[in-house]
Protein chains: 2
Amino acid sequence: MREWEKNIRKVVPYVPGEQPKETSVIKLNTNENPYPPAPCAERALRSMDLDLLRRYPDPAASTLVKAIAGFYGLEEAQVFVGVGSDDVLALAFLTCFHSGRPILFPDITYSFYDVWAGLFRIPYETQPLDEDFKIRTEDYERENGGIIFPNPNAPTGILLPLSEVEKILESNPDVIVIVDEAYIDFGGTSAVPLLEKYDNLLIAQTFSKSRSMAGMRIGFLLGNPELIRYISDCKYSFNSYTMNQTAIALGAEVIRDREYFSQCTQKIIETREWAKEEFRKLGFLFTDSMANFLFVTHPLYRAEDIFSALKEAGIYVRHFSHPKRIANYLRITVGTRDEMETLFSFLKQYMPKQ
Amino acid sequence: MREWEKNIRKVVPYVPGEQPKETSVIKLNTNENPYPPAPCAERALRSMDLDLLRRYPDPAASTLVKAIAGFYGLEEAQVFVGVGSDDVLALAFLTCFHSGRPILFPDITYSFYDVWAGLFRIPYETQPLDEDFKIRTEDYERENGGIIFPNPNAPTGILLPLSEVEKILESNPDVIVIVDEAYIDFGGTSAVPLLEKYDNLLIAQTFSKSRSMAGMRIGFLLGNPELIRYISDCKYSFNSYTMNQTAIALGAEVIRDREYFSQCTQKIIETREWAKEEFRKLGFLFTDSMANFLFVTHPLYRAEDIFSALKEAGIYVRHFSHPKRIANYLRITVGTRDEMETLFSFLKQYMPKQ
């Protein structure tokens with residue numbers, strides 16, 4: 001090892017789902033929305049003022065912040081935007097989990113949490129989900145330096161009722177509790193109304209799933225204005241201008257179209273519930289996902305084998321080999337009805353005895 | 001202070017130059033390019049495949065990386081892209097300056113360096129510029145945990161000859177030396193050829209100045225493949241998908257148009273040299289800037305007063321009140337010839353005795 005290498009921060013990075021370059025595959029591996037963004041996105045893109053390209057964007061991305069605040073009936077000072085929910089969560093980790101005490105999150109959850117903890121040298125303790133893959137709120141009553149969990153949880157899709165989210169907030173008034181609501185719009189109940197009551201609550205959301213804009217990288221945090229200011233200070237200490245002109249313009253347009261949004265999420269919910277029935281008929285076991293993906297296992301087939309067979313057939317799903325408890329599960333994004341039918345007709349052939 | 005506030009990382013953020021919302025002002029305060037990006041940017045934007053919006057971008061932004069590598073005649077593995085040069089520099093600080101020993105940079109320089117050091121708790125020592133605002137290479141021969149300096153330096157615009165850049169590299173084989181070349185394309189000589197010889201050299205560049213794309217947020221690092229991989233690991237531990245679809249598409253197109261690029265930078269260089277003459281006629285003193293800005297002072301007028309008078313007249317320039325040594329200077333971006341003529345006709349009126 002050369003001398004300069006000794007000074008390097010070495011980390012084990014998060015590995016994102018595959019982004020195959022062929023467009024012919026059925027992509028059910030990264031929880032993208034199968035429907036295009038609201039039509040106003042196209043108009044915004046095609047009519048964009050070209051002079052904006054050479055000029056720095058508004059560092060506060062006010063147009064976008066205002067539109068998000070408007071959607072949730074919050075003040076602008078309660079909204080922080082960034083380059084996807086990973087960006088805003090990374091900044092939230094850096095800013096809020098600075099006590100030196102271990103933060104808490106579930107043992108089976110979004111696999112980026114321990115990566116951020118590793119990057120920023122934040123100690124953590126994972127809390128095991130119960131035998132049904134559920135979060136036990138009592139596990140979050142111990143001394144800690146902060147809490148984070150997705151709701152619905154990933155990759156299980158299981159929703160924690162709002163009353164239980166509130167229980168966790170009640171027992172932890174002295175630390176920041178982050179509820180990662182990337183998948184909340186597919187039938188869950190957001191913690192947004194709790195913001196009034198709990199100044200230590202931070203909610204993360206994204207345009208990547210329910211708003212069909214994974215390609216534009218827009219995520220946001222909702223919280224009390226002081227907390228948002230602290231995170232904003234850290235952001236301004238990292239990169240003044242994170243949101244480019246197209247992200248600001250398209251994001252602000254898309255969130256205003258409430259009708260398209262609700263039609264689109266409703267279609268995905270319907271396809272998901274129908275897909276649950278289809279999986280049941282094929283003998284799969286699965287959690288009652290309230291997200292835009294399903295988390296399934298089969299008592300007679302190895303998840304890894306199904307994964308590979310599907311991939312060979314041009315259908316990408318996600319398989320996590322760690323932790324062991326979920327190694328025989330697959331996470332399958334809810335695509336269009338057509339895409340799901342292709343999936344099921346493949347599975348019916350693959351599992352002839354069912 | 002509430003209990004949770006005690007756990008928060010508190011920082012003093014960088015303050016970016018003003019981005020006025022009125023478009024009628026003459027904006028010479030943030031070193032944007034006065035010319036639009038290469039015409040292919042418009043074509044790429046207008047013809048973009050809309051399906052890309054809903055899909056995650058390629059996390060490696062390979063199209064863009066490949067185009068940048070092509071421009072410089074480097075391997076793709078030597079290129080790292082991010083959301084503007086601030087993003088890639090922040091990640092470089094986080095990754096490369098991890099020794100615990102103080103890093104070194106000039107006392108008058110890009111004012112983000114000490115902010116990143118503060119954010120990541122990196123100790124640093126500033127090295128004073130000489131009486132002519134020049135970097136003294138011998139100041140960088142002491143024990144350190146890494147070195148960073150812009151070339152040309154900001155806000156002075158003074159270029160360090162490549163031989164002196166090499167002297168600094170020669171004396172510091174065991175730490176990473178970052179040469180921040182945000183302004184190199186306006187007449188400077190890039191350190192790119194030194195990459196072959198020094199595996200501890202990291203070069204930062206940006207699309208915001210010479211490529212007229214401040215609004216798209218594209219910056220990049222050039223370095224040896226192993227070093228780039230370490231930084232990339234940190235990036236993948238922070239945010240998998242930083243470059244959105246439009247940034248990747250437009251960036252890759254724009255860098256291919258070498259002719260437009262050289263015409264555009266040439267025009268700015270010509271306007272800059274002409275502007276130096278105009279400033280001289282008005283009694284200004286200034287450094288021999290090789291950037292797309294001028295760094296000027298007047299023996300008879302306070303910089304702050306000129307700044308305010310210009311602002312009132314709708315001409316924005318930049319004034320730094322710290323450090324004291326430059327408090328009587330203004331940093332003025334080189335705009336179009338027309339914009340500069342408006343500036344000078346205002347100054348001629350403002351300084352009647354000259």
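Worth pointing out:
- Charges were assigned to the Cβ only: +1 to each Lys and Arg, -1 to each Asp and Glu. The resulting dipole of chain B about its Cα centre is roughly 980 debye.
- Label point 7 Å beyond Cα along the C-beta direction, distances from A:Cys40 to other copies (nm, shortest first): 3.4
- Carbon/sulfur fraction of accessible area - segment A:1-141, other protein chains in place, 1.4 Å, %: 49 percent
- For chain A, diffusion coefficient by Stokes-Einstein and Kirkwood Rh (Cα), 25 °C, 0.890 mPa s, µm²/s: 115 µm²/s
- Counting only other chain Cβ atoms within 10 Å of each residue's Cβ, the peptide B:44-54 averages 6.
- Per-residue average of Cβ from other chains inside 10 Å of B:78-90: 3
- Across all Cα atoms of the protein assembly as shown, the radius of gyration (one decimal) and Dmax (whole number) stand at 26.4, 98 Å.
- Segment A:280-354 shape via C-alpha gyration tensor axes, a/c threshold 1.5: rounded
- Antiparallel DSSP beta bridges within the protein assembly as shown, percent to nearest 5: 50 percent
- Residues of segment B:218-354: accessible area per residue with a 1.4 Å probe, Å²: 41 Å²
- Taken per residue, the accessible surface of segment A:1-152 reaches 38 Å², heavy atoms only and a 1.4 Å probe.
- Summed over both chains, the accessible area lost when B and A associate is about 7900 Å², using a 1.4 Å probe.
- Average other protein chain Cβ within 10 Å of Cβ, residues B:230-237: 6
- Binning the alpha carbon pair distances of segment B:3-120 at 5 angstrom intervals from zero yields the distribution 2, 7, 10, 14, 16, 17, 17, 10, 5, 2, 0, expressed in whole percent.
- Rg(Cα) / (2.2 N^0.38 Å) computed for segment A:215-271, rounded to two decimals: 1.48
- Dipole of segment B:199-331 computed with +1 at Lys/Arg Cβ and -1 at Asp/Glu Cβ about the Cα centre; of B:Phe295, B:Ala249, B:Thr265, farthest Cα towards the positive end is B:Phe295.
- Rounded Å value of the spacing that divides the Cα centres of segment A:308-354 and segment A:183-226: 29 Å
- Across the cross-link table entries A:Lys27/A:Lys276; B:Lys167/B:Lys197; B:Lys66/B:Lys235; A:Lys27/A:Lys235; A:Lys134/A:Lys324; B:Lys134/B:Lys167, which are compared at the Cα atoms, the separations over 21 Å belong to A:Lys27/A:Lys235.
- Segment B:109-126 and segment A:271-298: distance between their alpha carbon centers, rounded to Å: 51 Å
- Percent of alpha-carbon pairs separated by more than 26 Å within segment B:183-330: 45 percent
- Calculated mean residue ellipticity at 222 nm for the protein assembly as shown: -10500 deg cm²/dmol, from DSSP H runs with n ≥ 4 weighted as -39500 (n - 2.57), summed, divided by the residue count and rounded to 500.
- With the convex hull of its Cα atoms as the shape, segment B:75-215 has an orientation-averaged projected area of 8.2 nm².
- Charge-dipole axis of the protein assembly as shown as Lys and Arg at +1 and Asp and Glu at -1 on Cβ define it, positive-most pick from A:Cys96, A:Pro128, B:Tyr183: B:Tyr183
- Within the accessible surface of segment A:261-323, defined with a 1.4 Å probe on protein heavy atoms only, the carbon and sulfur portion equals 52 percent.
The values are calculated or read from the model by the stated rules, or taken from the named source; none is laboratory data. All values derive from a computational prediction rather than experimental measurement. Quick reminder, even Gly has a Cβ in these numbers, built from the backbone with ideal geometry, and neighbours come from all protein chains shown. Ligands, DNA and RNA are excluded from the accessible area calculation, which covers all protein heavy atoms including side chains. Shrake-Rupley method; radii C 1.70, N 1.55, O 1.52, S 1.80 Å.
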